[in-house]
1. Order of Leu120, Leu76, Leu238 from fewest to most other C-beta atoms within 10 Å?
2. I need the phi-derived Karplus couplings for segment 240-245: 6.51 cos²θ - 1.76 cosθ + 1.60, θ = phi - 60°, integer Hz, Gly and Pro marked x.
3. Is segment 107-256 best put as rounded, prolate or oblate by its Cα gyration tensor, with a ≥ b ≥ c the root eigenvalues, rounded for a/c under 1.5, and otherwise prolate when a/b is larger than b/c, oblate when not?
4. As an exercise, find the ratio Rg/Rh for segment 82-162 from alpha-carbon atoms, using the Kirkwood inverse-distance average for Rh.
5. Can you tell me, using C-alpha contacts under 8 Å and at least 6 residues apart, the relative contact order of segment 127-274 as a whole percent?
6. So how strong a dipole does the chain carry about its Cα centre when Lys and Arg Cβ are +1 and Asp and Glu Cβ are -1, to the nearest 20 debye?
7. In a Gaussian network model over the chain where Cα atoms closer than 10 Å are linked, find which of Gly100, Gly73, Gly48 has the largest mean-square fluctuation.
8. Most exposed first by the Cβ proxy, i.e. fewest other Cβ within 10 Å, how do Val233, Val143 rank?
Amino acid sequence: MDADRAVGWSAEAATAGAQGRLAGKVAVVTGGGTGIGRGVSEMLARHGARVVLAGRRPGPLTATAAAIAAAGGAALAVPTDVTVAAQVEAMVARACAAWGGIDVLVSNAGVYPRRELADLSEEVWDLTIDVNLKGHYLCVRNVVPAMLRRGGGSIIFIGSVHGYTGGADVLGYAAAKGGLWTMTRNLARTFARQRIRVNYINPGWVASEGEVAHRQERGESLAWLEEQGRTAVPSGRLQTPEDTAHVCLLLASDDATQITATRFNVDGGLSLVM
Ligand SMILES: NC(=O)c1ccc[n+]([C@@H]2O[C@H](COP(=O)([O-])OP(=O)(O)OC[C@H]3O[C@@H](n4cnc5c(N)ncnc54)[C@H](O)[C@@H]3O)[C@@H](O)[C@H]2O)c1
């Protein structure tokens, strides 16, 4: 099969999709190869969406697309750096060419370097803002015209509790995630009449590949992370990619046609104690 073509697109997948809650919908998930993005991609595919996995690293994208295909779903891996306008434009064009349009954008790709102000270099600041704010803007700028051609759509931003609280080592990240919440309301208001809904999810604290790697750099193990879930999170556990994916499923579906400009805390109460 051509690498540009759908991975796992088959008559069986089409049949499964036709029966799903998201039957007929095409979803783009950025950062869809790992962590929260992978959980969301698998959930949307399981419920019948055809999923475009857009992320920086081809390996995880291909592996996730293969897993979706093995489960009978349809996924297209499109390596994309969300900070590069031409790559985002090409990804959206490829999605539309392959599957006729886009109904759902889960704008999830993100980085979270932790630096106290004294160590927060201009380079790290720029990277943090580029991926976590400009990347969402570039995706929206390219996806909205495709959604308008379909008569509407659902944009889901993956934000963070840091978008509305703070933390000494997350200044740039918090500024970007706070800006994303502002973008959520701005876009929701701008496109409500055109039936494009825009919502924001705070996924809590998730032991994703990115978070585990970050903790390991600080000498903090997976066991330490899980202990934090038991003690620091009011619900008594870390969140999972599937916790966020369940909300994405609702927001992507036609059950959510009146839900827009909303912030979802999928965080076991973490935002209450931070
Ligand atoms: N893990 C958590 O506890 C947590 C908490 C709150 C919010 N989040 C947010 O959830 C989202 C997903 O994070 P995760 O924890 O699953 O981390 P992750 O590192 O496992 O996933 C992030 C994904 O984004 C991709 N990515 C990074 N830069 C990119 C770029 N320039 N272009 C395209 N793709 C790029 C990575 O390759 C990766 O696949 C992020 O926006 C993050 O800020 C995570």
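Bear in mind that the values in this text are calculations on the coordinates, not laboratory data. None of the values given here were measured: they were computed from a predicted structure. All Cβ positions, glycine included, derive from the backbone under ideal geometry; neighbour counts span all protein chains shown.
1. Numbers: Leu120 17, Leu76 26, Leu238 23.
In order of increasing Cβ crowding within 10 Å: Leu120, Leu238, Leu76.
2. Each residue's phi maps through the Karplus curve to give 10, x, 5, 4, 5, 4 Hz.
3. Here segment 107-256 falls in the oblate category.
4. 1.07
5. Values: 211 pairs, mean separation 39.4, N = 148.
Once divided by the residue count of segment 127-274, the mean separation gives 27 percent.
6. 1040 debye
7. Comparing Gly100, Gly73, Gly48 in the GNM, the peak value goes to Gly100.
8. Details: Val233 18, Val143 25.
So the residues, fewest neighbours to most, are Val233, Val143.
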